[in-house]
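See structure below.
Rule-based calculations on the coordinates, nothing more; no lab input. As the structure is a computational prediction, the values presented were derived from the model and not from experiment. Glycine also receives a Cβ, built like all others from the backbone with ideal geometry; neighbour counts cover every protein chain displayed.
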Amino acid sequence: MATAVREIWPVSIDSSAWKALTASGLGWMFDGYENYALILAMAPAVRQLLPREAANVTFYMGGLLTATLLGWAVGGIVAGVLTDYVGRRRMLMLSICWYAIFAGLTALSWDYWSFFACRLLTGLGLGAEWGPGAAIVAEFWPPSSRGRAAGVLHSSFGIGIFLASGIWELLSAQGPSSWRYMFAIGVLPAFVLLYARRGVQEPALWLTSNRNRRQARHRLEIGNSSELDEELNQFTMTRILSDPGLRRRVGLLLLMSISSVVGWWSGSTWIPQYAAEWTAKTGQAVLLSPSLTASLFGVGAIAGYIALGFLADMVGRKPVIWLYYLGALILSLSLFLLANTRSALLILAAANGFFASGQFSWMTIYLPELFPTRVRGSAMSLVFDTSRGIAALGPLAAGWLISSSGGIGRAAAIMSLVYLIGMAVTPFAGPETKGEPLPS
């Protein structure tokens, strides 16, 4: 047993690192639950809240996905900046508290627009959680196992997807208001705050960076500063966007992130609904339920997140990321255009989860390794969350394509072509960082 543990984690890991991973993982797990709860429950919710718009359900569903993405983008960028100034731990706790409150309030929605507003506000908290969580794990874990830890962290999002699928399987039969119970469960993340408040510390890297920034500000105030002091005191976003090297890196990474985000939100998110549509069109005697399909997608996603982390530590970050884009493209096209049996669709749903959802681990692994500590949270969130703002039109476009083409398959396949962008950009996005210490 000891030998197996040493092979998985090649160096000794202290308790602070494990506690940071646990708190961030729990928060990210509920992010996964909350996102997929919306995907699974939004159809009955829209039908109940807009009974006269039955013909345009997919359009209004796309609106809810867009609201979540917009909230995620704004919340993530704001939280990323604050993470660099007030600390990783504090922002992690605040973000979890925020989305727990508004996830619970979603259950009380009285019409479509109150539902829309709650999803927008929930999205603010969902977006705010990832940046501090990913940063605190990266800053505690050593280079040789950082990819593994980040992969495990991101796998908790897949666990959240799996939990949402299983819970919806139980709740969906509870009547037209079953969707409200799904969102009421969203208040549970508040209990993670108790653990984070007691067990999680601020990383030494951030404490040192924050101390250096405060000392630089003091020297500026008394007129005894240097050029380095002015740089340290510069607003993080200004520093990133004014530095040509950082600006170019952010731009390329943003294209990669857009590829991942659009592919997932405008393609993979429609898999549960596609399963129901396929069952209805083919007249299958054995029901292919959205919950079953989503559960297999979630299992594939969990395996994909973890595998990417281990492969990134063994092979390298960039080649593994590129292979995941290729796999996501092939599996998405196969699922939406070629699957013609129930078993094929289920297998491809799991495989799509592995590549299309599992590829998101690259951001948790690779982004923290490309930016110095004083701007790490800001830069990571600028990439990860700006892509959500840009990609927010993707679900609306997909919803429109579905309505106009009369089916999900062709529309989702078209949106999946976005993975070609990630394949083209990955080789040029930044240096290979396998086994390297974080920039200080």
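Taking every DSSP helix (H) stretch of at least 4 residues in the chain, weighting each as -39,500 (n - 2.57) and dividing the sum by the residue count yields a mean residue ellipticity at 222 nm of -25000 deg cm²/dmol. Cross-link reach is defined here as a Cα-Cα straight distance under 27 Å, omitting same-chain residues fewer than 8 places apart; for Lys318 the lysines meeting it are Lys434.
What ranking do Glu129, Glu277 get, fewest neighbouring Cβ atoms within 10 angstrom at the top? It would help to have the intermediate numbers written out before the result.
Numbers: Glu129 29, Glu277 17.
Listing Glu129, Glu277 from fewest to most nearby Cβ atoms yields Glu277, Glu129.
Rounded to the nearest 10 degrees, the angle from helix 15-49 to the longest Cα principal axis of the chain is 30 degrees. At an R0 of 25 angstrom, the distance between the Cβ atoms of Leu188 and Asp111 translates into a FRET efficiency of 0.45.
Where the convex hull is taken over the Cα atoms of the range 312-366, what is its projected area averaged over directions, in nm²?
On the way: hull surface 15.0 nm².
Orientation-averaged projected area of the Cα hull: 3.7 nm².
Using Cβ contacts closer than 10 Å as the measure, can you line up Asp14, Asp243, Asp229 from fewest to most? Please list the in-between numbers first.
Working: Asp14 10, Asp243 15, Asp229 18.
With the fewest neighbours first, Asp14, Asp243, Asp229 line up as Asp14, Asp243, Asp229.
Summary of packing: across the peptides 33-44, 202-213, the per-residue average of other C-beta atoms within 10 Å ranks them, highest first, as 33-44, 202-213.
Under the rule a/c < 1.5 gives rounded, and otherwise a/b versus b/c splits prolate from oblate, where does the range 310-402 land using the Cα gyration tensor?
Numbers: a/c = 3.56, a/b = 1.48, b/c = 2.40.
Verdict is oblate for the range 310-402.
All other residues whose Cβ lies under 14 angstrom from that of Ile161 are scored, Lys and Arg at +1 and Asp and Glu at -1, for a net of -3. If the chain linking Glu230 and Gln48 were pulled fully straight, counting 0.36 nm for each residue of separation and taking away their Cα-Cα distance, it would gain 59.9 nm.
Set the Förster radius R0 to 45 Å, insert the Cβ-Cβ distance between Ser16 and Asn340 as r into 1/(1 + (r/R0)^6), and round the FRET efficiency to 0.05. Efficiency for this residue pair is about 0.30.
The long axis of helix 57-86 is offset from the longest Cα principal axis of the chain by roughly 10 degrees.
Once you reduce the range 214-259 and the range 55-132 to the center of their Cα atoms, the two points are 27 Å from each other. What's the angle, to the nearest 10 degrees (0 to 90), between helix 146-171's Cα axis and the longest principal axis of the chain? For 146-171 against the chain, the angle is about 30 degrees.
Under a Cβ-Cβ cut-off of 14 Å, what is the net charge of the residues other than Tyr366 that fall near it, where Lys and Arg count +1 and Asp and Glu count -1? Each step should come with its number before you reach the end.
Numbers: positive: Arg146, Arg148, Arg249, Arg317, Lys318, Arg376, Lys434; negative: Asp313, Glu369, Glu432, Glu436.
That sum, taken over residues with Cβ under 14 Å, equals +3.
Where in the range 21-45 does the label zone of Arg198 land, with the point 7 angstrom along Cα→C-beta and an amide N cut-off under 20 Å? Of the residues in the range 21-45, 21-28 have backbone N under 20 Å from the label point off Arg198. Using Cα-Cα distances under 8 Å and only pairs 6 or more residues apart, what relative contact order does the range 13-428 have, in percent? Relative contact order here is 27 percent.
Evaluated at q = 0.07, 0.13 Å⁻¹, a Debye calculation over the C-alpha positions of the chain (equal weights, vacuum) places log10 I(q)/I(0) at -0.32, -1.10. Working from label points 7 Å from Cα in the Cα-to-Cβ sense, the Leu207 to Val86 distance is 2.1 nm.
What are the semi-axes of the equivalent ellipsoid of the range 228-329, taken as the square roots of 5 times the eigenvalues of the Cα gyration tensor, listed largest first and rounded to whole Å?
Numbers: eigenvalues 328, 59, 27 Å².
In descending order the semi-axes read 41, 17, 12 Å.
Given just the C-alpha atoms of the range 142-287, how large is their convex hull per residue in cubic angstrom? Please report the intermediate quantities before stating the final value.
On the way: hull volume 32.2 nm³, N = 146.
Normalising the Cα hull of the range 142-287 by residue number yields 220 Å³.
Rounded to two decimals, the Cα radius of gyration of the range 80-224 over 2.2 N^0.38 Å is 1.32.
Listing His154, His218 from fewest to most neighbouring C-beta atoms within 10 Å gives His218, His154.
Here the range 23-132 has an Rg and Dmax of 14.5, 48 Å, counting Cα atoms alone. Spelling out what I want: for every residue of the range 248-262, take phi, set θ = phi - 60°, compute 6.51 cos²θ - 1.76 cosθ + 1.60 (Karplus), and round to whole Hz; glycine and proline get x. Running phi through 6.51 cos²θ - 1.76 cosθ + 1.60 with θ = phi - 60° gives 5, 5, 4, x, 5, 5, 5, 4, 4, 5, 4, 4, 5, 5, 5 Hz.
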